[in-house]
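What follows is a short report on a single structure.
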Amino acid sequence: MPSPDSSRVPCVVTIGNFDGVHLGHRHLLEQAKELARERALASVLVTFWPHPREIVRPNLPHRPLSEKEERRILLSGLEFDHILELPFDKNMAALEPAMFVKKYLLPLNMSVLVIGHDFALGRGASGNFAALSALGRQYGFEVCQVEALEMAGRPVSSTRLRKCLEDGNVASVARFLGRPYSICGEVVHGFGRGADLGFPTANVNPPRKLLPANGVYATIAECDGRRFQAVTNIGRNPTFDAQKLTVESFFLDADENLYGRKLCLHFIDRIRGEVRFSSPDKLQEQIAKDIATAREMLLQA
């Protein structure tokens, strides 16, 4: 990601975590780019990695909605003049808002700072709209706050997406993202239970990002540019008293050996939650029903 410098023209800066790069983020980012176009200024996007929550609250588990390279690709596609990814650490977390602005934003030759409706930076999240506006009057930049994008009467936010994923509501997540929620990982050897039941699966090593709730999903699997309709199970295989969390996919109309290759799963809809069956035969019957349901869901995808 190229970094701007003070020799460039004055710029419009927008700043945030942009975890997931959902439609709420895109609404803010488009507003910043439009303002830059109107004023003939450069557009600069400033973000952080890792997510500040991992540094500020290290004892609380946190899994991002997008992995580092995935987020870079999504942000790069938004056509900002410059993208600056700052490494977030304890020293940055301890900075007061004024120091953060002076150290990281003023050197960009910032003319306008565009922030989201709930954005705050600096120690204790004290750099809210009022505090940043006061700094703007002091240092000669304008602060614009963009109203939230709402869907179904509520703001589209990373918190809202997380709740939907925790509930297994991947269809709503896709609406809020503007694309299906996806996970990617290497295909690894599993326990072979799917093959024993007549439904061989590709097992994906779970990524660091947040997974949808345990259950069965209609998905599109993608590998090396090829796409397959699939049924994906996330869970611990309670019928077999397993403990390890697995992500395994059965391709509806293909028989592929993908061991060692990268497979991406795009979640279309949830079929059911995780269930413990009384016998493998009962599970086998249910899998056949899941496949029929997935075909119907994927016809509409």
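Just a few scattered comments:
- Relative contact order of the chain, pairs being alpha-carbon contacts under 8 Å that are 6 or more residues apart, as %: 16
- Cysteines (scope the chain) whose Cβ has no counterpart Cys Cβ under 4.7 Å: Cys11, Cys144, Cys164, Cys223
- Leading residue at positive end of dipole, the chain (Cβ point charges), from Asn128, Gln300, Ala36: Asn128
- Each stretch of four or more DSSP H residues adds -39500 (n - 2.57); spread over every residue of the chain, this sum gives -8500 deg cm²/dmol at 222 nm.
- Å² of accessible area per residue within the chain, as computed with a 1.4 Å probe and no ligands counted: 49
- Sorted into 5 angstrom bins from 0, the C-alpha pair distances of the stretch 24-122 split as 2, 10, 20, 23, 22, 15, 5, 1, 0 percent.
- Global form of the stretch 111-154, assessed from the alpha-carbon gyration tensor, a/c cut-off 1.5: oblate
- Quotient of C-alpha Rg and 2.2 N^0.38 Å, computed over the chain: 1.16
- Hits among aspartates and glutamates - C-alpha to C-alpha of Lys90 under 14 Å, sequence gap 8 or more where chains match: Glu54
- Under 16 Å of direct C-alpha separation, and excluding same-chain neighbours fewer than eight residues apart, Lys282 reaches these aspartates and glutamates: Asp196, Asp241, Glu274, Asp290.
- Applying both filters, DSSP loop and at most 13 other Cβ atoms within 10 Å, to the GluC sites (Glu not before Pro) of the stretch 10-86 gives Glu79.
- Gyration tensor (Cα) of the stretch 91-179, equivalent ellipsoid semi-axes in angstrom: 32, 15, 11
- For q = 0.09 Å⁻¹, Debye-computed log10 I/I(0) when each Cα of the stretch 146-301 counts as one equal scatterer: -0.29
- In the distance distribution for the stretch 224-301, Cα-Cα pairs more than 16 Å apart total 56 percent.
The values are calculated or read from the model by the stated rules, or taken from the named source; none is laboratory data. As the structure is a prediction and not an experimental result, all values here were calculated from the model. Please note: Cβ atoms are built from the backbone with ideal geometry, for glycine as well, and neighbour counts cover all protein chains shown. Quick note on the areas: whole protein, heavy atoms, side chains included, nothing else; ligands and nucleic acids left out. Shrake-Rupley method; radii C 1.70, N 1.55, O 1.52, S 1.80 Å.
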